[in-house]
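The values are calculated or read from the model by the stated rules, or taken from the named source; none is laboratory data. Small disclaimer: the values here were computed from a predicted structure and weren't measured. Here Cβ is always computed from backbone atoms with ideal geometry, including for glycine, and neighbour counts include all displayed protein chains.
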């Protein structure tokens, strides 16, 4: 069932829907008498591609997920209530399985940003242990182990790292983290768009997680126009798909 979900969910992403729509529309145009229907399907599919690839659409989808979130101790000043924190948990965001590459090259962009933020917080709280979390999904090694190796390569002492190598999704990962941290409050490091789903999973486990979001993707309203604000782009499409992944993940998590 898990593998089936992993392969079926991407079919609901904008690019997959557009390609399916274009295929259906071209099929109607070339191999049927329903020319008007074919033209309509192709036109709608092209319009969806343009809209989903636009930075405005990506921001509109990502902004509600990231709304109200701020980085933890952005200037390096730890709040008094958090100075006794014993754990800094970094959730996995995807890794590669090429053992010929250094571990830092095996991390997805999301995993790398999360790990860097975890290391920054670990340097502010050297008494806390850095927990690299995540199981193996489509790779031979768990994400937690790959992130541990990357953290060591970036200068973190192996003795200060705890690996949590279980969990193929957020719910399973947080459940495994619960067995490690218990009722201790901890810093939860993950992408800002993923944070609401991760915190919901923590609440269901009765965990005391303090959000430490990173990897913000929604553009701020700074009054500066960029090409991404005017033209559709691959980056805009990627961000729209990332937002859709989170919305589908939240729906799936609540239905369980």
Output for Cβ contacts, cut-off 8 Å, separation at least six or different chains, first residue part of a loop (DSSP other than H, G, I, E, B) in segment 58-80, second exposed (fewer than 12 other Cβ atoms within 10 Å of the Cβ), reads 73/79
Filter segment 1-44 down to the residues that are assigned to a loop (DSSP other than H, G, I, E, B) and surrounded by fewer than 12 Cβ atoms within 10 Å (Cβ to Cβ) and list them by number.
1, 32, 33
Checking the structure you have, find out if any residue of segment 71-86 is touching a helix residue (DSSP H, G or I) at 6+ places or on another chain (Cβ under 8 Å) and over 30 Å from residue 126 (Cβ atoms).
no
If we keep just the residues of segment 136-154 that are at pLDDT 95 or above and out of contact with any strand residue (DSSP E or B) (no Cβ under 8 Å at 6 or more places or on another chain), which is surrounded by the most Cβ atoms within 10 Å (Cβ to Cβ)?
149
Is segment 207-230 home to any residue that is without any contact (Cβ under 8 Å) to a residue 40 or more places away in the chain, crowded, with 20+ Cβ neighbours inside 10 Å and assigned to a loop (DSSP other than H, G, I, E, B)?
yes
For residue 162, are the conditions met, namely being modelled with pLDDT under 95 and either surrounded by 18 or more Cβ atoms within 10 Å (Cβ to Cβ) or within 25 Å of residue 78 (Cβ to Cβ) (or both)?
no
